[in-house]
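Shown next, in structure tokens, is the structure this report addresses.
The values are calculated or read from the model by the stated rules, or taken from the named source; none is laboratory data. Please read these numbers as outputs of a predicted model, since none were measured by experiment. For neighbour counting, all protein chains shown are included, and Cβ atoms are generated from backbone atoms with ideal geometry for every residue, glycine included. Remember, those area values only see protein heavy atoms, side chains included, never the ligands or the DNA or RNA. Shrake-Rupley method; radii C 1.70, N 1.55, O 1.52, S 1.80 Å.
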Amino acid sequence: MYGVNENKKNKTVLPYISPDQVSQRNGVDNPEIWLVIDDIVYDCTSFLSRHPGGEAVLRRFAGFDCSWQYHAIHGERRKVFANKSLEKLRVGWTEGVSNPYSKPEWVE
């Protein structure tokens, strides 16, 4: 399967999506909510109401990368379940999408 942390070797399985296209799916300019984890683009629009942490956190990262936050919050135990949910939301791969927050030193 093609999940978080497996993207570098399997990018060709998904279509390329430019950073501009990702940034437009921010819930404001476009009703869709796309976010990026490890260069994989996820359409989280249909998942907003089901996200265990609430939809506000997904909206906050709409159109951006949230890789370090995803890994810091979900950890290894939760990642197995989260990855299964994410599989259905993958729409493509990208490179160069920014994260709006600097990664703190305490995050591995």
Open item on the list: If I filter region 32-40 for residues that are assigned to a loop (DSSP other than H, G, I, E, B), under 16 Å from Leu14 (Cβ atoms) and open to solvent by 90 Å² or more (accessible area, probe 1.4 Å), do I get at least one hit?
Closed with: no
- [ ] Just need a number here: residues in region 1-22 that are modelled with pLDDT of 95 or more, surrounded by 15 or more Cβ atoms within 10 Å (Cβ to Cβ) and over 20 Å from Ser46 (Cβ atoms).
- [x] 1
Open item on the list: Can you pull out every residue in region 65-98 that is within 13 Å of Trp34 (Cα to Cα), open to solvent by less than 50 Å² (accessible area, probe 1.4 Å), modelled with pLDDT of 85 or more and not small (Gly, Ala, Ser)?
Closed with: Asp65, Cys66, Leu89, Val91, Trp93, Thr94, Val97
TODO: Specify which of the listed residues (Phe61, Phe47) is within 18 Å of Leu14 (Cβ to Cβ), under 14 Å from the mean Cα position of the chain (by Cα) and either open to solvent by 40 Å² or more (accessible area, probe 1.4 Å) or at pLDDT 90 or above (or both).
DONE: Phe47
